[in-house]
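See structure below.
None of the figures in this text is laboratory data; all of them are computed from the coordinates on show. This is a predicted model, so every value here is computed, not measured. Positions of Cβ are backbone-derived with ideal geometry, glycine not excepted, and every protein chain shown enters the neighbour counts.
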Amino acid sequence: MCHYFFFKKMNIGEIIKKAGLKATPQRKAVYEIMTKLGHGSIDEIIARLRQQSPEITVSTVYRILDSFYRTKLISKMNHQNGKMYYDITPVNHHHIFMNNEVIDYIDPELTELIKKHLNGDLFKDSNIEKISVQIIINNKK
């Protein structure tokens, strides 16, 4: 599930330019794939891209994803399968893993509660940059 609601009214080229990047055809293609995937491993992203742009190189895709991450267009997450995934939702949020699906869960109250707890006990003099909770649900059969 993908929540890029803060950019929905802008087209992909505008989103990329707003991040301070040049809106090249390759960047537009990668961002479009990410909006469709929501969360994707490098293998999934490249496989989707190669369907529409077979000439795009793996190193180009890595560079584009890295530039998107550095400019906060996307975020990264560790999937329960052990792989690192790119995530179209760059804001602070959590993940629910259920039925082979990754669902973004945005709950500022939960994030703030965790931050207050950690700042009060363990990390009094630290600045907590990011809190990401992963909830794994196994459906009973």
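Could you check the spin-label model distance between Thr71 and Lys22? Points 7 Å from the Cα along Cα→Cβ, value in nm.
Taking the simple label geometry, Thr71 and Lys22 are separated by 1.1 nm.
Once the piece of chain linking Lys116 and Asn99 is laid out straight, how much longer is it, given 0.36 nm per residue of separation minus the C-alpha distance between them?
2.9 nm
Could you give the size of the charge dipole of the chain about its Cα centre, using +1 on the Cβ of each K and R and -1 on the Cβ of each D and E, expressed in debye and rounded to the nearest 20?
Around 400 debye, computed over the chain.
Say we join alpha carbon atoms closer than 10 Å with springs in a Gaussian network model of the chain; which of Leu21, Leu65, Leu73 then has the biggest fluctuation?
Looking only at Leu21, Leu65, Leu73, the largest GNM fluctuation is found for Leu21.
Of His95, His79, His117, which is the most mobile in a GNM of the chain whose springs link Cα atoms less than 10 angstrom apart?
The residue with the greatest mean-square fluctuation here is His117.
In deg cm²/dmol, rounded to 500, what helix-only [θ] at 222 nm does the chain give when every DSSP H run of at least 4 residues adds -39500 (n - 2.57) and the total is split over its residues?
Mean residue ellipticity, 222 nm, calculated: -12500 deg cm²/dmol.
Alpha carbon centre of the stretch 21-42 versus the stretch 90-131: separation in Å?
Measuring centre to centre over Cα atoms gives 25 Å.
Treating only the Cβ of Lys, Arg, Asp and Glu as charged (+1, +1, -1, -1), what charge dipole size does the stretch 5-87 show about its Cα centre? Round to the nearest 20 debye.
320 debye
Suppose we keep just the DSSP beta bridges with both residues in the chain; what percent of those would be antiparallel, to 5?
Here the share of antiparallel DSSP bridges comes out near 75 percent.
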